[in-house]
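The values are calculated or read from the model by the stated rules, or taken from the named source; none is laboratory data. Being a predicted model, the structure only gives us computed values, none of them experimental. Note that we place each Cβ from the backbone using ideal geometry, even for glycine, and neighbour counts take in every protein chain shown.
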Number of protein chains: 2
Amino acid sequence: MIPLRILSTGVAVPDNCVTSSELDKMQRHAHGYCEHRSGVAQRYIADASLRQSKLGAQALQEALRRAGLAAAGLDLVIAACAVPEQAMPATAVFIAQQTGVSAGTPAFDINASCLGFMVALRLAAGLLHDRQYSRIGLVAVDLPSRGIDWDAPEASLIFGDGAAAVILERGAGPAGIEGFRYATYPEGARLCQIRGGGTAHNPRTAVQASDYLFQMDGKGVFRLASQYMDAFLKNLLGEAGVTLADIDLVVPHQASHLGMEHMRRQLRIPPERMVDIYARHGNQVAASLPSALHHAIDSQRAPPGSRLLLIGTAAGLSLGGMVLSL
Amino acid sequence: MIPLRILSTGVAVPDNCVTSSELDKMQRHAHGYCEHRSGVAQRYIADASLRQSKLGAQALQEALRRAGLAAAGLDLVIAACAVPEQAMPATAVFIAQQTGVSAGTPAFDINASCLGFMVALRLAAGLLHDRQYSRIGLVAVDLPSRGIDWDAPEASLIFGDGAAAVILERGAGPAGIEGFRYATYPEGARLCQIRGGGTAHNPRTAVQASDYLFQMDGKGVFRLASQYMDAFLKNLLGEAGVTLADIDLVVPHQASHLGMEHMRRQLRIPPERMVDIYARHGNQVAASLPSALHHAIDSQRAPPGSRLLLIGTAAGLSLGGMVLSL
């Protein structure tokens, strides 16, 4: 058990909301196709001028506002994005700059694709617990619209841009991380990928514009995740010393409607015990899970004292889970 | 004090070694120009087919060999690269795959540009200390040659490709991290950057081939780092409860010969108390500091019981320092 106090949460989305009806027209589909196919009623899509870090800073500022804190009250900024704003420097640097934290406040990135927030939450809790830092701003922001392959019928419909942030302090009471587990199966490394952006495919080696687009083999992800999820979950709950009956609310990565429905059935829990913001936001990549957490806390479905299960899959292919008491 | 045991270290470089004399010819400079200008006698440059993760896996395998361990003995792989192999998934996934770790071993990235290794070392020590993991493979690998702007007289001459890895376990004795400090000054965010590779500059927004090249304002970095380094170092040593006289060996990020010489004078220490592999490797970005650490340990300049100061600057602009007892 790593004590941890979540002081506040915040989210931000771009101004531009695109309904699935509008997407039907834009992509020349029959009316109703995009929502039926994806389960997404609307998603937010940034215009080309919006900086990822600006949206991240908005979420962090919203979390600061809700905590009644100034940006100068943070002594570390962590960004957990699946894709950065630039190859260098870290996205956290740009977020720190636009949030207005004090000069000298450390800023670095943690990248575990769609589950970066969960991994970073675990690491942040440790840094608070051993008193390296006293108040951390953790931000996840992704703009998947910048990498959508509009010719890919599946992946193009499910994503939405967004940001979410939490303000974290060292826990003193019973709140904290009761269990954390992360597992990577590199046999699935190519199931979700963006080939460009790094040293492998760039103008110095060999690259085409499509290398900067997100590629997904949804069925492959589903197959591999299903193969490992049962044992993974059993081990996670066992290590935390709890059963599913002890979990008040499941906060899943909002990967896809089919994936979440499968997860819900696997867990054998009713819809009211699982947070689902997918239809209104789509899959916001690394911002997805903390956005769902924000909505759960904001709507008082996750009050102080409640025990949450954060769970999901990430490019890798990785499985991640956390038992978190608020 | 976070106890930490470094079981072993390992390094890897590409096959292709380019001397500064060869570079003089390639870049049509007078004989001696490149070495005089950069302080680098030779650097390793990967051919276009070498994968960053393959070089990282070689370093990790070398560290495993030196520890007498199989890859299955790791329960976490962290990659700390300034630039990833691909935008997605994390570079650690590809390194884990090519190292042959057991399926399910978690793998994620930490990015603090040139100082990613130092930040990741601190985070890994915490994860071992609170018993989340028992043996971590931490790898830093960068291929700066993929982003060298050969028209930039300064930045093109100083970089070299490379990888370094450490195997870490929970400390039991007096070895560990006595102090760690990291400070980011986003006013210097544009002093070292690669604008492409993420959501800001790509085919969906607006990008040119030069956006994938590394840009550096060396004088600006030097000015900003000099402004903050004195107080930074004083605070770091103060928090660790040591003075410079208690430091057996300084292991700096091998940024540039002028930067390191300035650091040495600032610290008022003789050359034999500072590790310098720069002339034979150049600046290996995130792999630079752990490569220097490897050489210090391998050459028995940093025996068990010695106290090291790891120190350097990173794109951000960030300053990082650690007091580490072996």
Next on the checklist: Going through A:VAL101, A:VAL141 one at a time, which residue ends up being over 21 Å from B:GLY179 (Cα atoms), facing chain B (nearest Cβ under 10 Å), touching a Cys at 6+ places or on another chain (Cβ under 9 Å) and not in a helix (DSSP H, G or I)?
Outcome noted: A:VAL141
Next on the checklist: For region A:109-120, give me each residue that is more than 7 Å from chain B (Cβ to nearest Cβ) and either farther than 17 Å from B:ALA120 by Cβ or touching a Gly at 6+ places or on another chain (Cβ under 9 Å) (or both).
Outcome noted: A:CYS114, A:LEU115, A:PHE117, A:MET118
Checklist entry - What residue, of A:VAL101, A:VAL77, is in contact (Cβ under 8 Å) with a residue 12 or more places away in the chain, within 19 Å of the chain's Cα centre (by Cα) and more than 21 Å from B:PHE94 (Cβ to Cβ)? => result A:VAL77
Item to check | strands (runs of 3 or more DSSP E) (entirely within region A:1-96) containing at least 3 residues that are closer than 30 Å to B:TYR212 by Cα | outcome: A:76-79
Checklist entry - Which condition number does A:ASP276 fail, the rest of (1) more than 10 Å from chain B (Cβ to nearest Cβ); (2) in contact (Cβ under 8 Å) with a residue 60 or more places away in the chain; (3) part of a loop (DSSP other than H, G, I, E, B) being met? => result (2)
Next on the checklist: Please go through region B:168-201 and give me each residue that is of a type in the set (Asp, Glu) and within 8 Å of another protein chain (Cβ to nearest Cβ), ordered by number.
Outcome noted: B:GLU187
Next on the checklist: Quick test of your reading of the structure: A:ALA255 fulfils all but one of (1) crowded, with 19+ Cβ neighbours inside 10 Å; (2) in a helix (DSSP H, G or I). Name the failing condition by number.
Outcome noted: (2)
Checklist entry - Quick one: would you say B:LEU128 is in a helix (DSSP H, G or I), more than 8 Å from chain A (Cβ to nearest Cβ), within 30 Å of B:LEU213 (Cα to Cα) and in contact (Cβ under 8 Å) with a residue 60 or more places away in the chain? => result no
Item to check | Subset tally (residues that are among the polar types (S, T, N, Q) and surrounded by fewer than 23 Cβ atoms within 10 Å (Cβ to Cβ)) for region A:133-161 | outcome: 2
Item to check | Matching residues, region B:170-195, being in contact with a Leu (Cβ under 6 Å, 6 or more places away or on another chain) and hydroxyl-bearing (Ser, Thr, Tyr) | outcome: B:TYR185
Item to check | Cβ pairs under 6 Å, 6+ apart, first in region B:230-248 and modelled with pLDDT of 95 or more, second among the small types (Gly, Ala, Ser) | outcome: B:PHE232/B:ALA183; B:LEU236/B:GLY179; B:LEU236/B:GLY321; B:GLU239/B:GLY179; B:ALA240/B:GLY179; B:ASP248/B:SER306
Checklist entry - Has region B:124-137 got at least one residue that is in the same structural domain as B:GLN27 (by TED's automatic domain parsing), over 25 Å from A:GLN193 (Cβ atoms) and acidic (Asp, Glu)? => result yes
Next on the checklist: Considering only region A:149-159, I want to know if a residue exists there that is part of a loop (DSSP other than H, G, I, E, B), within 9 Å of another protein chain (Cβ to nearest Cβ) and in contact with a strand residue (DSSP E or B) (Cβ under 8 Å, 6 or more places away or on another chain).
Outcome noted: no
Checklist entry - Is it the case that region A:68-79 has a residue that's assigned by TED's automatic domain parsing to the domain that holds A:PHE108 and closer than 23 Å to A:SER145 by Cβ? => result yes
Checklist entry - Are any residues in region B:216-231 surrounded by 15 or more Cβ atoms within 10 Å (Cβ to Cβ) and either over 18 Å from B:GLU261 (Cα atoms) or under 19 Å from the mean Cα position of the chain (by Cα) (or both), and if so, which ones? => result B:MET216, B:ASP217, B:GLY218, B:VAL221, B:PHE222, B:ALA225, B:MET229
Next on the checklist: Regarding region B:38-47, can at least one residue be identified that is surrounded by fewer than 20 Cβ atoms within 10 Å (Cβ to Cβ), within 20 Å of the chain's Cα centre (by Cα) and farther than 18 Å from B:GLN98 by Cα?
Outcome noted: yes
Item to check | Where A:TYR44 falls short, out of the listed (1) touching a residue at least 12 places away in the same chain (Cβ under 8 Å); (2) farther than 26 Å from A:ILE95 by Cβ; (3) in contact with a Cys (Cβ under 6 Å, 6 or more places away or on another chain) | outcome: (2)
Checklist entry - Does A:GLU239 satisfy being closer than 27 Å to A:VAL166 by Cα, surrounded by fewer than 19 Cβ atoms within 10 Å (Cβ to Cβ) and under 21 Å from the mean Cα position of the chain (by Cα)? => result no
Checklist entry - So which residues in region B:10-41 are without any contact (Cβ under 8 Å) to a residue 60 or more places away in the chain and of a type in the set (A, V, I, L, M, F, W, C)? => result B:CYS17, B:VAL18, B:MET26, B:ALA30
Checklist entry - B:ARG204 is checked against (1) in contact with a Lys or Arg (Cβ under 8 Å, 6 or more places away or on another chain); (2) not in a loop (DSSP other than H, G, I, E, B) and fails just one. What number does that condition carry? => result (2)
Item to check | Residue that is modelled with the lowest pLDDT, among those in region A:174-229 that are in contact with a His (Cβ under 6 Å, 6 or more places away or on another chain) and not hydrophobic (A, V, I, L, M, F, W, C) | outcome: A:ASP211
Checklist entry - With (1) in contact (Cβ under 8 Å) with a residue 40 or more places away in the chain; (2) surrounded by 19 or more Cβ atoms within 10 Å (Cβ to Cβ); (3) hydrophobic (A, V, I, L, M, F, W, C) as the list, and B:PHE108 as the residue in question, which single condition is left unmet? => result (1)
Next on the checklist: Cβ-Cβ distance below 9 Å, separation of 6 or more or different chains: which pairs start in region A:205-221 with a residue that is farther than 16 Å from A:TRP150 by Cα and at the interface with another protein chain (Cβ under 8 Å from one of its Cβ atoms) and end on one that is modelled with pLDDT of 95 or more and assigned to a helix (DSSP H, G or I)?
Outcome noted: A:THR205/B:ARG146
